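Let me begin by presenting the structure, written as C-alpha cells, before commenting on it.
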Amino acid sequence: MAETVRRMLVAEGWVVDVAHDGRTGLEKASTDGFDVVVLDIMMPGLNGYEVVRQLRRAGNWTPVLMLTAKDGEYDQADAFDFGADDYLTKPFSFVVLIARLRALVRRGAPARPTVLTAGSLTVDPAAHLARRGETELALTPREFGVLEYLMRRKGEVATKAEILRAVWDVNFHGDENVVEVYISYLRRRIDTPFGCKAIETIRGVGYRLAADGG
C-alpha cells in the first residue's frame, strides 16, 4: 500500500519519502522538513498516534493526514486529540487523498498545541485531564467535553446550539437548556473553589470562556 501511494503521488508531481515503521517515520518527520505527512496508525515500532503525539509535543506542526483501515469514530477522535489534521479511511479515493493533501499544504503549519491553556486552566484532551493550577479537576465526560469545546474557542462566544452539536450526540433532540445545566456544573468545578470566573454568560447569545482563564 505504501509503495502504491508513493507511485501515485510521484506521478502527480509530489516528492515522496517512505518510512515503513513508526520510529523511522518519526525521525524523518522530525528532521527532514516535509510539507505534509501521510501517517498510518498500525505500524511497527511506534503506532501513528504516538508518532503524531511526539511531533506535536516537540513543537512540530507539519500537517498530518491519517490514512488507515481503522474506521471507528473513537479511532478518529483519538487521532484528532493527539494532533492529526485530517483522517481518511481505507479503501479511499486517490482523487480525494490528493485534494486533502493540497488543502493541508495550503493551510500550512500553524501551531496547534495539544494541551489547551487559559491562564491557570489547562485541558489535555488526549490524557483526558483538566487542571486549575496544580489541582486536578474531577469532571464527568460531558463536563469535560463542554470545557474542551469552550477552551478551543476561548475568547469567542459559543451558542447553546453550537455546544450541543459539538458535545452531545448529533441525534440529540432535547431541550437546549441542558447546556445551561452543565455550564452551572462546570462553574462549580473550575471557578467557584478557586475564586475565578472563567465562563461568562453572554445574555441572549451563549457562553464565552475568558482567554485569561478568569
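The values are calculated or read from the model by the stated rules, or taken from the named source; none is laboratory data. A quick note: this is a predicted structure, and the numbers were derived from the prediction, not measured. As a convention, Cβ positions derive from the backbone with ideal geometry for all residues, glycine included, and neighbour counts pool all protein chains shown. Please note that ligands, DNA and RNA were not included when accessible areas were found on the heavy atoms of the full protein model with its side chains. Shrake-Rupley method; radii C 1.70, N 1.55, O 1.52, S 1.80 Å.
For the subset of segment 1-47 comprising residues that are part of a loop (DSSP other than H, G, I, E, B), of a type in the set (A, V, I, L, M, F, W, C) and under 13 Å from V64 (Cβ atoms), which member is least open to solvent (accessible area, probe 1.4 Å)? First the steps, then the outcome.
Just the residues of segment 1-47 that are part of a loop (DSSP other than H, G, I, E, B), to begin with: 1, 12-21, 32-36, 40-47.
After this cut, where a residue has to be of a type in the set (A, V, I, L, M, F, W, C) as well, the list is 1, 14-16, 18-19, 34, 36, 41-43, 46.
Restricting the remaining residues to those that are under 13 Å from V64 (Cβ atoms) gives 34, 36, 41.
Numbers: F34: 62, V36: 25, I41: 3 Å².
Residue satisfying both the conditions and the ranking: I41.
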Matching helices (runs of 4 or more DSSP H) fully within segment 105-214 where at least 2 residues are touching a strand residue (DSSP E or B) at 6+ places or on another chain (Cβ under 8 Å) and under 25 Å from A58 (Cβ atoms): 141-152
Residue count, segment 56-80, condition more than 23 Å from T31 (Cα to Cα), assigned to a helix (DSSP H, G or I) and charged (D, E, K, R), comes to 3
Starting from segment 48-72, keep only residues that are surrounded by fewer than 16 Cβ atoms within 10 Å (Cβ to Cβ), then list their pairs with residues that are modelled with pLDDT of 90 or more whose Cβ atoms are within a distance under 9 Å, requiring at least 6 positions of separation or different chains. A58/S30; A69/D40; A69/I41; A69/M42
